[in-house]
Amino acid sequence: MQSLQESQLSPERAVFSQVIEAGLGFTHELGRGQVARIVDLHGNQAVDTLFFNARDLDERYSATETIRRQGNIYLTTGSALRSSEGRVLLTIVADTCGRHDTLGGACSAESNQVRYALDKHYMHNCRDSFLLSLARYGHGMTKRDLSHNINFFMNVPVTPEGGLSFEDGVSGPGRYVEMRAEMDVLVLISNCPQLNNPCNAYNPTPVQFLVWDV
Ligand SMILES: [Zn+2]
């Protein structure tokens, strides 16, 4: 499944724009109907992202519901990003990358040790960025609130045997994905600091987050 679709929205008319530096976390609340775009400024970056219903933080993005209902493991234009209650949090309305992962999970101190080496335990990772961002956001959210995530721009193909493999990215400089909030949504991003796998070409880079009132 790959559905390339360009957006008609111009960056000059965005009501919010922020560059998320390489390796940093970020939170933002989207109002229902707003459209958000994530731009892979330099290409081959992985943007680990969780979504929550901003009015009921116990309802959050579910990879299982999303995959089951669309009958496909990859995310692209037209994908409805569903919640733990089966409702649509956001819909992907434009995509110039063509494929996004929701199976690979987010990197952590533990996964860095298991996948790479014991001495990688102290390296900066997405899970720690999520926790720091949640602590700043408040509302009592903790590691218990970290569940399924999307890895925008990340290439994790599934082999014919059903295996997962982390591959060189399929994105490029300036490619973007855009989604419309179907309810008030809290966005939680870790712009992945990973230095040990090819998903971000071993070189974390900044991304841009833009919002429009449509
Ligand atoms: Zn990561």
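Using a 10 Å Cβ count of at most 16 others and DSSP loop calls, identify the longest part of the chain lacking such trypsin sites (Lys or Arg not before Pro). Show your work: numbers first, answer last.
On the way: sites that count: 32, 55, 87.
Result, exposed sites excluded: 88-214.
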Relative contact order computed over the range 28-175 (Cα-Cα under 8 Å; 6+ residues apart), in percent: 32
field: Amide proton proximity set for residue 44, modelled H, under 5 Å, gap of 5+
entry: 171, 172
statement: By accessible area (1.4 Å), largest first, 42, 121, 28 order as 42, 121, 28
message: At 1.4 Å probe size, with the rest of the protein present, what percent of the exposed accessible area of the range 46-116 is carbon and sulfur atoms?
response: 45
Pairwise label distance in nanometres, residue 3 with residue 159, each label 7 Å out on the Cα-Cβ vector: 3.0
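Over the Cα atoms of the chain, what is the Rg over Rh ratio if Rh follows Kirkwood? Please report the intermediate quantities before stating the final value.
On the way: Rg = 15.9 Å, Rh = 17.0 Å.
Over the Cα atoms of the chain, Rg/Rh equals 0.93.
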Dipole magnitude (debye, nearest 20) for the chain, charges at Cβ of Lys, Arg, Asp, Glu: 200
query: Taking the range 173-214 as the region of interest, what is the percent of Cα-Cα pairs per 5 angstrom bin, listed from the shortest bin to the one with the maximum distance?
result: 5, 14, 24, 22, 15, 11, 7, 2
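Averaged across orientations, what area in nm² does the convex hull of the alpha carbons in the range 41-82 project?
On the way: hull surface 16.3 nm².
About 4.1 nm², averaged over all directions.
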query: Once every DSSP H run of n ≥ 4 in the chain is given -39500 (n - 2.57) and the sum is divided by its residues, what mean residue ellipticity at 222 nm do you get, rounded to the nearest 500 deg cm²/dmol?
result: -3500 deg cm²/dmol
- prompt: Excluding ligands, DNA and RNA, what is the solvent-accessible area per residue of the chain at a probe of 1.4 Å, expressed in Å²?
  reply: 45
query: Mind checking which of 38, 150, 67 has the largest fluctuation in a GNM of the chain, springs on alpha carbons under 10 Å?
result: 67
field: Most fluctuating residue given options 58, 95, 119, as computed from a GNM of the chain linking Cα atoms under 10 Å
entry: 119
Principal axis dimensions, largest first and in whole angstrom, of the range 104-214 by Cα: 42, 32, 28
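I'd like the chymotrypsin sites (Phe, Trp or Tyr not before Pro) in the range 174-214 restricted to DSSP loop residues with at most 15 other Cβ atoms within 10 Å, sorted by number.
Values: sites: 176, 202, 209, 212; in loops: 202.
Those that pass, being in a loop and sparsely packed, are 202.
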- line: Subtracting the Cα-Cα distance of residue 69 and residue 55 from 0.36 nm times their residue separation yields 2.7 nm
- request: For the range 149-161, take each phi angle, set θ = phi - 60°, evaluate the Karplus expression 6.51 cos²θ - 1.76 cosθ + 1.60, and give the result in whole Hz per residue in order, putting x for glycine and proline.
  value: 9, 9, 10, 5, 6, 8, 10, 10, x, 9, 6, x, 7
message: With equal scatterers on the alpha carbons only and no solvent term, can you work out the Debye log10 of I(q)/I(0) for the range 64-169 at 0.12 1/Å?
response: -0.51
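The values are calculated or read from the model by the stated rules, or taken from the named source; none is laboratory data. All values derive from a computational prediction rather than experimental measurement. Please note: Cβ atoms are built from the backbone with ideal geometry, for glycine as well, and neighbour counts cover all protein chains shown. Remember, those area values only see protein heavy atoms, side chains included, never the ligands or the DNA or RNA. Shrake-Rupley method; radii C 1.70, N 1.55, O 1.52, S 1.80 Å.
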